[in-house]
Each structure stands twice: as structure tokens, then as C-alpha cells.
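Novice: Input: one structure, supplied below.
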Amino acid sequence: MKKKIVSMVMMACMTLSLAACGGSTSGTQEDASEESGLEIEESDTAETAEDGDSSESDVDYIKGKGSLVVGITDFEPMDYKDDSGEWIGFDADIAKKVGEDLGVDVEFVEIDWDNKILELENKSIDCVWNGMTLTDEVKNAMECTNAYCNNAQVVVLPADKADQYADIESMKDLTFAVEAGSAGEAAAEENGLSYTSLTQQSDTLMEVSAGTSDASIIDLLMAGAMIGEGTSYPDLTHVLELTTEEYGIGCRKGSDLAAYINDELKKFQDDGSLEEVAEEYGVQDALVTQ
């Protein structure tokens, strides 16, 4: 009888012990769940904070760092250096005026034109402001301003040979120099012309002048400023407009900087300063009404 009683007592103790252990395990799991939930909430909060940072306006970003970095190439009369090495030109001067209103310094950075979209995405530059043609590729990849200048792609030849080439068919056997990634390169390809791609439009003029290429395709506004009597290339002339186009300023996709520049261009048009700068660089006839 004693053995039975002792056995029953031991069994009761073991049952109580197991129940206690089970309760402890359950409590630990609940605590872990609560801690896990807390971590998830904190993670969500962190992601939200990061999203908030990424959605910061480009205008605020530029003001915060104190500089507007403008991607350009050497392209007279839009962006080029004066005798003291300062960047001037119609685009450069208007960009400086926008920088003044933003309250920031304006930095001009020469870029590989073929990599302009990548430069924007990497934030190496804040905008492309260099007589940029508003092609479908550009408009799809960038947040662009309204057009501010009209332009065309023209064929440049030695003046003493110009009368031999009145149309595209007569130029099929010529070798052309064009700027890589430019509207000129696109025009050469569309017309089935043989061409070599160079880093800058100005380089294509050196090619033609040296006789390395028979002709080049460049912007009409550049041709007006850089070839013919009174320029560095007096023996070159332009013939045959291959395309008509418009210039715009490119910013990062979704950037509010494009809208800000649009407002600035309208303001400069209304106060007469846009026309004044255009006249200084001989592009007043190309201006587009804002």
C-alpha cells in the first residue's frame, strides 16, 4: 500500500513539473513573437525613412550641397571657354543666372556626350545643358525642360567643294565625322552615310579642315559660330539641313529641377534678359517662346 501511495505521489510531482515546463516554453515563444514583431516594425520604419530621403526634391538637394553641376561639352556658342579659361556661352550664362536664383555655385563639367544619361543617374552632374537635342531617347531617359532653341543638323564641307554636293545622294561616297551620341550621328546613320564618331562636335571640324574626313554633320548654331569668314575655320561652309530639331535641358528622371528651370526661362524671357544674352552670342533668331 505504501508503495502505491509513493508511486502516486511521484507521478503527481512529475505531472506538475511537466505542466510548469510547458508553461515556460509557451511564454518564451510569445516573447519571441513580440520581439520579432517589434523588429519588423522597426525595419518598416527604417525603410520608410529611406524612402523619404530618396524622394527629396532635386532642387532641395542642390541647395543643400551648395552647387549646381552642369554637364557640357566644348560647344560654341552654347558652352565654351574664354581667353581666361572661364566657361561662357548662351547656355553657360543662362545656367549661371539660374544658379544665382538658387543661391548656389555653378560648376561646369565636361562629359563624354555618349554617357550623359549615366552621368545624370550617378549624380556626377545635376543636368545636361549643352544645346541638347530633344530626341525620343533623351525624353524617355531624362526629365526635360521645354524647348528653348530651334536648331538643325547641317553638313559641313570645304567651301571650294560645296557646289558639288546639293543632296544626300551626291554625298553617299563621302566620309563623315560626327559626335558620338549626337543628333548628327543619328542623321548620318538614318541617311546611310559612312561616318567616324568622335568625342566632340568641334573635333569633327578639325577632321574636315585637315582633310581626314570629307565632311561633318554638326548643329546649325555651332556652324554659325565656328565656320566661315571671321572664324577659326574660314574655308569651311555648311550646306543641306538634314533635320530640324529643338534644344532642351535634361535633368534626372522625375526631378523637379526641370520645372524650376522652365519657370526661370519664362522669367528671363519676360524681363528681357534671355533675349539680351541670346543677342550676345548670336542665337536670338533661334529662341523658342516660353
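The values are calculated or read from the model by the stated rules, or taken from the named source; none is laboratory data. The structure displayed is predicted, hence computed values, not measured ones. Positions of Cβ are generated from backbone atoms using ideal geometry, with glycine treated the same way; all protein chains shown enter the neighbour counts. These area figures cover heavy atoms from the full protein model, side chains too; ligands, DNA and RNA do not enter into them. Shrake-Rupley method; radii C 1.70, N 1.55, O 1.52, S 1.80 Å.
Every residue, every condition in (1) in a strand (DSSP E or B); (2) buried (at least 22 other Cβ atoms within 10 Å of the Cβ); (3) in contact (Cβ under 8 Å) with a residue 12 or more places away in the chain, yes or no:
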position: 186; (1), (2), (3): no, no, yes
position: 206; (1), (2), (3): no, no, no
position: 209; (1), (2), (3): no, no, yes
position: 231; (1), (2), (3): no, no, no
position: 250; (1), (2), (3): yes, yes, yes
position: 260; (1), (2), (3): no, no, yes
position: 267; (1), (2), (3): no, no, no
position: 274; (1), (2), (3): no, yes, yes
position: 277; (1), (2), (3): no, no, yes
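Novice: Here's a follow-up. Could you tell me how many of the residues in segment 233-248 are assigned to a strand (DSSP E or B), over 18 Å from residue 78 (Cβ atoms) and open to solvent by 70 Å² or more (accessible area, probe 1.4 Å)? Give the steps one after another, and end with the answer.
Specialist: Going residue by residue through segment 233-248, those that are assigned to a strand (DSSP E or B) are 233, 236-248.
After this cut, where a residue has to be over 18 Å from residue 78 (Cβ atoms) as well, the list is 236-237, 239-242.
Then keep just the ones that are open to solvent by 70 Å² or more (accessible area, probe 1.4 Å); that gives 241.
Total meeting the criteria: 1.
Novice: Right, another one. For segment 60-139, give me every one of the strands (runs of 3 or more DSSP E) that falls completely inside it and has 1 or more residues that are open to solvent by 30 Å² or more (accessible area, probe 1.4 Å) and within 19 Å of residue 252 (Cβ to Cβ).
Specialist: 105-110
Novice: Does residue 170 count as in a strand (DSSP E or B), over 30 Å from residue 256 (Cα atoms) and in contact with a helix residue (DSSP H, G or I) (Cβ under 9 Å, 6 or more places away or on another chain)?
Specialist: Working: in a strand (DSSP E or B): no; over 30 Å from residue 256 (Cα atoms): yes; in contact with a helix residue (DSSP H, G or I) (Cβ under 9 Å, 6 or more places away or on another chain): yes.
The answer is no for residue 170.
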